[in-house]
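Notes to accompany the following structure.
The values are calculated or read from the model by the stated rules, or taken from the named source; none is laboratory data. Computed from a predicted structure; not experimentally measured. Note that we place each Cβ from the backbone using ideal geometry, even for glycine, and neighbour counts take in every protein chain shown.
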Amino acid sequence: MNQFHYRTCHLCETMCGIEIEHDGEQVLAIRGDRNDVLSQGNICPKATGIQDIHTCPDRLKKPLKRVRKNPAEKSHDDEWVEVEWDEAIEYAAGGLARIQNQYGRDSIGSYFGRSTAHNIGTLLAVAPVQKIMGTRNIYTGSTVDQMPHNFVWHHMLGHQFLCTIPDINRTDYYLMLGTNPKVSNGAQMSTGANTWKKLNAIRERGGKCVLIDPRRTESVKYMDEHHFIRPHADSMFLIGVIQTIFDRGLARPGRMAGHINGWDELEPLVKQFDMDRIAEVTTIPREDIERIAEEFATAKRPVCYGRTGISMVQFAGLTQWLMQALNVIVGSMDEIGGMMFPKPAIESLPLTNSSWDSYRSRVRGRPEFSGEFPLAILGEEIMTPGEGQIRGLLGLAGNMVLSMADGNHSEKALQALEFYVAVDPYLNETTRFADIILPPCGPLEKGHYDMFYHLYDTINWSKYSQPLFITEHSKWTDFEIFTELMGRFAAIRTQSPIKKFLIGCAHKLVRSTLTVERIVAIGIRMGPYGKGMNLFKKDALSLQKLKDNPHGVFLGDLEYTFPAGLYTDDKKINLVPQVFVNDLPRLKAYFVDGGMEAEQAASEFDLRVISRLSNRTLGWMHHSHRLIKGKNPCELMINPADAEARGITADSLVTVTSRAGQIQLPVVLTEDIMPGVVCMPHLWGHNRKNTRQRVANANPGVSMNDITDVTVIDELTGNAIVNGVPVKVAIC
Ligand SMILES: Nc1nc2c(c(=O)[nH]1)N[C@H]1C(S)=C(S)[C@@H](COP(=O)(O)OP(=O)(O)OC[C@H]3O[C@@H](n4cnc5c(=O)[nH]c(N)nc54)[C@H](O)[C@@H]3O)O[C@H]1N2
Ligand SMILES: Nc1nc2c(c(=O)[nH]1)N[C@H]1C(S)=C(S)[C@@H](COP(=O)(O)OP(=O)(O)OC[C@H]3O[C@@H](n4cnc5c(=O)[nH]c(N)nc54)[C@H](O)[C@@H]3O)O[C@H]1N2
Ligand code: SF4
Ligand SMILES: [Mo]
């Protein structure tokens, strides 16, 4: 008889509720859960791919160990053998521990990719793993994604995870930069896959939506207005908007009056920039910038929001700062319809680190941010000899060969490692360099709680998803793998028999008492809606209550949290942190003092390539035949004028060349991309040897990150620049 199971789709931060119809072990259908408190039945096509992952024959069920042909070097001729868990974990822990014993604390490092964020097992592991490994060499996919946001929250609001969430449900002027919500379904703004309906609702209630993007994207039909912008130039646009607001006397601190430091410092800084020059470099006419500024500042509930198109570019830190500064000067920080702050059922901020420049990296002296270094410098830390050189890596939940700038550089670095432990369900472009792969169980074989993504809530709510299937593999969730791996690692690391004994006892205790469910139960109890120590509190939220409500529990609309909720020592917003002031001369040198023109004149790379997502796919979900079927989306969008100038026609195959490399792909001629810019999808290129992913290999595409450049980063935040990369395009 068919049964129905309800859970949250774990694939992205949108957190849609899904209904899984199944007959015993067999999944029959995945559809939207109409009763889900957040998404109300809306999902995107990707959720249906989860069943392919569940049944995927290439998904690893047992650890895979590399048997080297030549013990001194890894090669693609090495063999992979399946080994039992006990042997695999001992081997993995021993390999990392031996390197650290021999070469010191920083000789091992860790890399966590995006799948960490939607997985409570990995999230709970991050801090303990970092503590137990004790290395400063911590890298994550955040620095090829949202680090500039975190950087700004840290400096302005006092904590890297005090995430500003646009109050899409109540705003009446939504200014968006570098985001494609129709396809991404709302990033750092979890709405359930009904973002487009919420955009329509803004206009239905008399509001306005404006989008700034070098491409006329799928989201434009939900906008009142769209403007092309030259890649990397958003900070100049924002300076123009802020300057106009001050010039016209429209700045207002709103509810935060008395809780803002540096109010008088912003105006003179933005006044250094000439409005006509701003219009010239952004390509947005001055009248439009001034009009948008006036409309924005006089709207009742305006909010300015931006995502990856303004975080993976040059000057990303400055842009994110100016965006938040704009919200502050129109009184939209912690205001209804402006930027707001959710109150998740499990409070994680007090348990997470937020720091800047407390130590520096070995090779180029990059400052740490919240305990990590930019992924862009991992390669040099592995390949530069000397004390502290990384020789061993624990890598998980990320496929950096495809997702990080310059895939060939990542490959060289991974190849150079003496020992690499991957925790990943697949033998893919990145994990093929591992010495051992430890595969966690599949998404339906374990419980799910969105400990991280609730920081992006647009309403306050909570939900727990129980495991659908308990299988033999279920005992190896990411959490169990880490508990076992770190327990053994710590025991091998120590020389003292007493310490070994104590570590053994602690490890046994953790294994027998700590489960993910118990941690969630405690987290909820101690959180803002839980019973805490008050045994008589009525209607408190609990894990049991969540289990009884598989469609989620609504906990209220977003409410004011500042100034009490600020993490700054004086409970004030820092409008003009000095780190951003120090970075302004770099912006000025480039956009005002001729840097941009000089770069163009000196370079053969006359176009800029930007990225795009597609509705049906998401990096590692290329294992799903349901999602990947049909024509491969790896096509280069090019403006007809740029195509004509190069003799390119609609059926051309072109070569795209950059400083880092070269790829070939077909073109699409379209006015939807602005002149001077070309656009292609990323996280493709499954044509590398010796991976075990037949579905992805059959429809490989090419990797955009074979032409992005790891040597250029946003100097302020260290974030990779994978948008607006200089290239030239020629017919093959
Ligand atoms: N279907 C699908 N949805 C996803 C994902 C997925 O893989 N597939 N991934 C999820 C993840 S991990 C993330 S981080 C989010 C990302 O979510 P979004 O950021 O909303 O999605 P992107 O498509 O990356 O949007 C970036 C936009 O920035 C534009 N852009 C590029 N350069 C510039 C620039 O210099 N200035 C401006 N103003 N715009 C620029 C691009 O044209 C693009 O439209 O999506 C999430 N949702
Ligand atoms: N050119 C360009 N590059 C980009 C971007 C861009 O816009 N343009 N976007 C960037 C962004 S926003 C992101 S988020 C990154 C994404 O890039 P990555 O962080 O590399 O993410 P994926 O490619 O999806 O790879 C996810 C990995 O996690 C593994 N995995 C899946 N589920 C689990 C699990 O439950 N446990 C464990 N341990 N592993 C699991 C998968 O097998 C896969 O190896 O790409 C970035 N790179
Ligand atoms: S938008 Fe799609 S992938 Fe993201 S949670 Fe919703 S259904 Fe899953
Ligand atoms: Mo991302």
Tally, over the range 126-148, of residues that are assigned to a helix (DSSP H, G or I), within 24 Å of Gly309 (Cα to Cα) and touching a strand residue (DSSP E or B) at 6+ places or on another chain (Cβ under 9 Å): 5
Which listed residue is modelled with pLDDT under 90, surrounded by 15 or more Cβ atoms within 10 Å (Cβ to Cβ) and among the hydrophobic types (A, V, I, L, M, F, W, C), from Ile503, Ile459: Ile503
In the range 695-732, the residues that are under 19 Å from the mean Cα position of the chain (by Cα) and either more than 20 Å from Glu599 (Cβ to Cβ) or without any contact (Cβ under 8 Å) to a residue 12 or more places away in the chain (or both): Ser703, Met704, Asn705, Thr717, Gly718
Qualifying residue in the range 15-31 (condition: within 27 Å of the chain's Cα centre (by Cα), within 16 Å of ligand 4 (Cβ to nearest atom) and not assigned by TED's automatic domain parsing to the domain that holds Lys547): yes
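Going by the structure shown, is Gly249 part of a loop (DSSP other than H, G, I, E, B), closer than 30 Å to Phe161 by Cβ, at pLDDT 95 or above and away from ligand 2 (no atom under 16 Å from the Cβ)?
No, not satisfied.
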Subset of the range 426-467 [among the aliphatic types (A, V, I, L, M), away from ligand 2 (no atom under 13 Å from the Cβ) and closer than 30 Å to Pro71 by Cβ]: Ile436
Selection within the range 214-225 - within 11 Å of ligand 1 (Cβ to nearest atom) and either of a type in the set (Gly, Ala, Ser) or in contact with a strand residue (DSSP E or B) (Cβ under 7 Å, 6 or more places away or on another chain) (or both): Pro214, Arg215, Arg216, Ser219, Val220
Some residue of the range 103-120 being over 15 Å from the mean Cα position of the chain (by Cα) and farther than 24 Å from Leu414 by Cβ: yes
Matching residues, the range 253-270, being of a type in the set (D, E, K, R) and surrounded by 14 or more Cβ atoms within 10 Å (Cβ to Cβ): Arg255, Glu267
The range 148-188: number of residues that are on the phi > 0 side of the Ramachandran plot and within 16 Å of ligand 3 (Cβ to nearest atom): 3
Failed item, numbered, when Val210 is tested on (1) buried (at least 22 other Cβ atoms within 10 Å of the Cβ); (2) at pLDDT 95 or above: (1)
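Residue-wise test of (1) of a type in the set (Val, Ile, Thr); (2) within 16 Å of ligand 4 (Cβ to nearest atom); (3) in contact with a Leu (Cβ under 8 Å, 6 or more places away or on another chain).
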site	(1), (2), (3)
Lys198	no, no, no
Glu204	no, no, no
Cys209	no, no, yes
Arg230	no, no, no
Ile239	yes, no, yes
Lys271	no, no, no
Asp276	no, no, no
Filter pass, Gly49 being more than 16 Å from ligand 1 (Cβ to nearest atom) and not in a loop (DSSP other than H, G, I, E, B): no
Condition broken by Ile310, with the remaining ones in (1) away from ligand 4 (no atom under 16 Å from the Cβ); (2) in contact with a strand residue (DSSP E or B) (Cβ under 9 Å, 6 or more places away or on another chain) satisfied: (1)
Selection within the range 619-663 - under 23 Å from Arg216 (Cβ atoms), of a type in the set (A, V, I, L, M, F, W, C) and surrounded by 15 or more Cβ atoms within 10 Å (Cβ to Cβ): Cys634, Leu636, Met637, Ile638, Ala643, Ile648, Val654, Val656
Odd one out for Ala643, checked against (1) of a type in the set (Gly, Ala, Ser); (2) part of a helix (DSSP H, G or I); (3) within 13 Å of ligand 2 (Cβ to nearest atom): (3)
Selection status of Ala233, away from ligand 3 (no atom under 16 Å from the Cβ) and within 23 Å of Asp276 (Cβ to Cβ): yes
Single residue of the range 155-182 satisfying the filter (surrounded by fewer than 24 Cβ atoms within 10 Å (Cβ to Cβ) and part of a helix (DSSP H, G or I)) that is farthest from the chain's Cα centre (by Cα): His155
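Which helices (runs of 4 or more DSSP H) sit wholly inside the range 360-474 and have at least 2 residues that are touching a residue at least 60 places away in the same chain (Cβ under 8 Å) and charged (D, E, K, R)?
Values: elements: 378-383, 400-403, 407-416.
No helices (runs of 4 or more DSSP H) qualify here.
Quick check: anything in the range 156-164 touching a residue at least 40 places away in the same chain (Cβ under 8 Å), within 27 Å of Met323 (Cβ to Cβ), out of contact with any helix residue (DSSP H, G or I) (no Cβ under 8 Å at 6 or more places or on another chain) and not assigned by TED's automatic domain parsing to the domain that holds Leu238? Break it down stepwise before answering.
Restricting attention to the range 156-164, the residues satisfying the condition of being touching a residue at least 40 places away in the same chain (Cβ under 8 Å) are 156-164.
Next, only the ones that are within 27 Å of Met323 (Cβ to Cβ) stay: 156-164.
Keeping just the survivors that are out of contact with any helix residue (DSSP H, G or I) (no Cβ under 8 Å at 6 or more places or on another chain) gives 157-158.
Filter once more, keeping what is not assigned by TED's automatic domain parsing to the domain that holds Leu238: 157-158.
Yes, there is a match, as at least one residue in the range 156-164 is touching a residue at least 40 places away in the same chain (Cβ under 8 Å), within 27 Å of Met323 (Cβ to Cβ), out of contact with any helix residue (DSSP H, G or I) (no Cβ under 8 Å at 6 or more places or on another chain) and not assigned by TED's automatic domain parsing to the domain that holds Leu238.
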Residue among Ala127, Ala117 that is within 16 Å of ligand 2 (Cβ to nearest atom) and among the hydrophobic types (A, V, I, L, M, F, W, C): Ala117
Residue count, the range 602-619 (criterion: within 13 Å of ligand 4 (Cβ to nearest atom) and either closer than 18 Å to Gln314 by Cα or acidic (Asp, Glu) (or both)): 1
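Looking only at the range 353-393, filter to residues that are among the hydrophobic types (A, V, I, L, M, F, W, C) and farther than 17 Å from Ser107 by Cβ; which one of those is nearest to the chain's Cα centre (by Cα)?
From the range 353-393, those among the hydrophobic types (A, V, I, L, M, F, W, C) are 356, 363, 369, 373, 375-378, 382-383, 390, 393; that's our starting set.
When the remaining residues are screened for being farther than 17 Å from Ser107 by Cβ, the result is 356, 369, 375-376.
Details: Trp356: 20, Phe369: 16, Leu375: 13, Ala376: 15 Å.
Per the criteria, the residue is Leu375.
Residue-by-condition table, conditions (1) touching a Ser or Thr at 6+ places or on another chain (Cβ under 9 Å); (2) part of a loop (DSSP other than H, G, I, E, B); (3) over 23 Å from Met323 (Cβ atoms):
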{"position": "Gly530", "(1), (2), (3)": "yes, yes, yes"}
{"position": "Leu535", "(1), (2), (3)": "no, yes, yes"}
{"position": "Phe562", "(1), (2), (3)": "no, yes, no"}
{"position": "Gly565", "(1), (2), (3)": "no, yes, no"}
{"position": "Thr568", "(1), (2), (3)": "no, yes, no"}
{"position": "Ala589", "(1), (2), (3)": "no, no, no"}
{"position": "Phe605", "(1), (2), (3)": "yes, yes, yes"}
{"position": "Asn615", "(1), (2), (3)": "no, yes, yes"}
{"position": "Trp620", "(1), (2), (3)": "yes, no, yes"}
Subset of the range 666-687 [modelled with pLDDT of 95 or more and assigned to a loop (DSSP other than H, G, I, E, B)]: Thr670, Glu671, Asp672, Met674, Pro675, Gly676, His682, Leu683, Trp684, Gly685, His686
